[in-house]
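Data first, discussion second: the structure below is written as structure tokens.
The values are calculated or read from the model by the stated rules, or taken from the named source; none is laboratory data. All figures in this text were calculated on a predicted structure; none of them were measured in a lab. Here the Cβ positions follow ideal geometry from the backbone for every residue, glycine too, while neighbour counts run over all protein chains shown.
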Amino acid sequence: MAMMEFPVTADFPTWMGAIPGVSAMATGMMKKEMEDLDIPPVDEFLEMFSDAGGKIYACKLAMDMFKLTKDDLVDQVEDVLTVGQFYEKSAGASIIFT
């Protein structure tokens, strides 16, 4: 079955995610777009980033909300920090993703 082609910039109303199959279709479209742009899979990207000396931290609030522990995360995550701890640690540094 051929996948429908939508421009990446097309509006995608949130409510459409509740329709059976739409979430899987959107995921497939995103994976294809990432493949076309030669973007590595997330696990490979995190490994490359970490190997290059980048530091990866998890958000304590998000961890608490989703009842996760550091053991639930990939090995490349350095620590779980509050927002205040993150800004203290990153003072004067270049923050790439927040």
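General remarks:
- Evaluated against (1) in contact with a Leu (Cβ under 9 Å, 6 or more places away or on another chain); (2) among the small types (Gly, Ala, Ser); (3) surrounded by 12 or more Cβ atoms within 10 Å (Cβ to Cβ), residue 26 falls short on exactly one condition, (1).
- Those residues of the stretch 23-64 which are of a type in the set (A, V, I, L, M), in a helix (DSSP H, G or I) and not assigned by TED's automatic domain parsing to the domain that holds residue 75, in sequence order: 24, 25, 26, 29, 30, 34, 42, 46, 48
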